[in-house]
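Below is one structure; the comments refer to it alone.
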Amino acid sequence: MSSIQKRDAQTFRVMFRHLGKQRSLTFNSLAAAKKWQQLLEAVGYEEAIARLEGDKPKTSLGEFLASHIENLTGVTNGTRASYKGYISTHMGELGKIPLASLDRTHVSKWINELAAKGLSGKTIRNVHGFLSGALNEAVRQKLLAENPCTAMRMPTTSHKSTEMTFLTHDEFAELFALIDPHYRPLVLTLVGTGMRFGEATALMVGDVDLEHHQLRVRQAWKKTGDSSRELGAPKTKRSIRTIPLGSEVEAALSLVCAGKSHNEFVFTNKQGAPVNSSSFREGVWLPAVQEFAGDEVEIRPTQWNSKKRIVIKQGNGKHPRIHDLRHTFASWAIQANKPLTVIQRTLGHESITTTVDRYSHLARSDFDSLATSINDFLPKHLSIDDSYVEVEAIN
């Protein structure tokens, strides 16, 4: 069975099932859609698609990717917009290649071009991951024999601006004292639980269980395609989690939850609305960090009758990002000799590999313990014969 849907004034989509999945093809006229629908019903998908490809120019990779994005299910508008941005910004000449002609040489050349442009390793991996996922669908639809992105090595880069910053207990206390008092409970919760900013600012009072000293992460703020945001599921499946509360965080949450109903936000701005990341960063976080770091700052008016903080001279102190409070939480947990598996569950990492890759270098006690353990197996009081060492005098 198949059906035709009108997408807009000029295009129509034939909806049908193939290999147990809902699929669609878009046509530029109702007549063309009906003609192919009749062919589909008469000869089946494989033959119908073969005749269609013979009657029209070959589908380019860019055209396939655009169609793939439109047909994706289970993604937010923000994710869809990001994928479209990948096509317009990063595909370039690769997008013009006919899908059926795409091979590993094309993909490897494209990756090297992205690296030559100075894109970070993370960005390249993200774009490559999107392309690989789309081409897996092309393989399922039998438009490609195999995915040319499979098992391809990605470039790595190191950018100082994205390095993690860890705060000591004293450094955090100094920075915390510079935070606007209204937002201190939020900052304390971030560093005391390791929550992501979008998770913490999406907390409802009903998510906080003070009786059992814990809170539940079940939602987070997500970007949409029009620069706004919406509530949705956290980043990954494991991000839906329960986090234990220490007494200091519990006291802060008790203070901000008092008098609120279960469906109200825990953290709000001074007008009572949910905390916005950009407003918090510009109006609360950066002023405190700049003073903490010893920056020389000048306040200048803008053309929109507002004021902007301009750093004239950067100080010698640390410049942590908001997300570095999450990294600081992890570093403190490691200093307290907490297992990486426990830290993984608390942070909501999908895989222990992520936790190990990011934080295992901080586990100094593990390294020291390893060296001590190996040392126990070595011969004691080992001496080296003087004749073994040759000493050359340098004039």
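The values are calculated or read from the model by the stated rules, or taken from the named source; none is laboratory data. No experiment lies behind these values; they were computed from the predicted model shown. Every residue, glycine among them, receives a Cβ derived from its backbone with ideal geometry; neighbour counts consider all protein chains shown.
Just to be sure I understand, how many residues within region 61-95 are at pLDDT 90 or above and either part of a helix (DSSP H, G or I) or touching a Gly at 6+ places or on another chain (Cβ under 7 Å) (or both)? Even if it seems obvious, please write down each step before you answer.
Let us first name the residues in region 61-95 that are at pLDDT 90 or above, namely 61-72, 83-95.
From what's left, either part of a helix (DSSP H, G or I) or touching a Gly at 6+ places or on another chain (Cβ under 7 Å) (or both): 61-71, 83-95.
Final tally of qualifying residues: 24.
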TRP110: passes all of (1) in a loop (DSSP other than H, G, I, E, B); (2) in the same structural domain as SER67 (by TED's automatic domain parsing) but (1)
Residue match in region 328-342 (condition: surrounded by 10 or more Cβ atoms within 10 Å (Cβ to Cβ), under 18 Å from the mean Cα position of the chain (by Cα), farther than 21 Å from GLU163 by Cβ and at pLDDT 90 or above)
no
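Please determine whether any residue of region 346-354 is under 21 Å from LEU215 (Cα atoms), part of a helix (DSSP H, G or I) and either out of contact with any Pro (no Cβ under 9 Å at 6 or more places or on another chain) or not aliphatic (A, V, I, L, M) (or both). Steps first, please.
Of the residues in region 346-354, the ones under 21 Å from LEU215 (Cα atoms) are 346-350.
Remaining after also requiring part of a helix (DSSP H, G or I): 346-347.
Cutting the leftovers down to either out of contact with any Pro (no Cβ under 9 Å at 6 or more places or on another chain) or not aliphatic (A, V, I, L, M) (or both) gives us 346-347.
Yes, because at least one residue in region 346-354 is under 21 Å from LEU215 (Cα atoms), part of a helix (DSSP H, G or I) and either out of contact with any Pro (no Cβ under 9 Å at 6 or more places or on another chain) or not aliphatic (A, V, I, L, M) (or both).
Here is a yes/no grid of residues against (1) out of contact with any helix residue (DSSP H, G or I) (no Cβ under 6 Å at 6 or more places or on another chain); (2) surrounded by fewer than 14 Cβ atoms within 10 Å (Cβ to Cβ); (3) touching a residue at least 60 places away in the same chain (Cβ under 8 Å); (4) not assigned by TED's automatic domain parsing to the domain that holds LEU178:
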residue	(1), (2), (3), (4)
ILE240	yes, no, yes, no
GLY259	yes, yes, no, no
ASN263	yes, yes, no, no
THR268	yes, no, no, no
Any residue at all in region 150-163 that is modelled with pLDDT under 95 and under 18 Å from LEU61 (Cα atoms)?
yes
Being within 30 Å of LEU99 (Cα to Cα), touching a Leu at 6+ places or on another chain (Cβ under 9 Å) and either outside the structural domain of GLY20 (by TED's automatic domain parsing) or assigned to a helix (DSSP H, G or I) (or both) narrows PRO185, PRO155 down to just PRO155
Note on THR353: of the conditions (1) touching a helix residue (DSSP H, G or I) at 6+ places or on another chain (Cβ under 8 Å); (2) hydroxyl-bearing (Ser, Thr, Tyr); (3) surrounded by fewer than 20 Cβ atoms within 10 Å (Cβ to Cβ), unmet is (1)
Exactly one condition in (1) under 25 Å from the mean Cα position of the chain (by Cα); (2) over 21 Å from THR355 (Cα atoms); (3) surrounded by 15 or more Cβ atoms within 10 Å (Cβ to Cβ) is false for GLY206; which is it?
(1)
Find the residue count for region 208-252, including only residues that are more than 20 Å from ALA333 (Cα to Cα) and either assigned to a strand (DSSP E or B) or of a type outside the set (A, V, I, L, M, F, W, C) (or both).
23
Give region 275-295 a look and list any residue that's within 13 Å of LEU186 (Cβ to Cβ) and either of a type in the set (S, T, N, Q) or outside the structural domain of PHE197 (by TED's automatic domain parsing) (or both), or say none.
ASN276, SER277, SER279
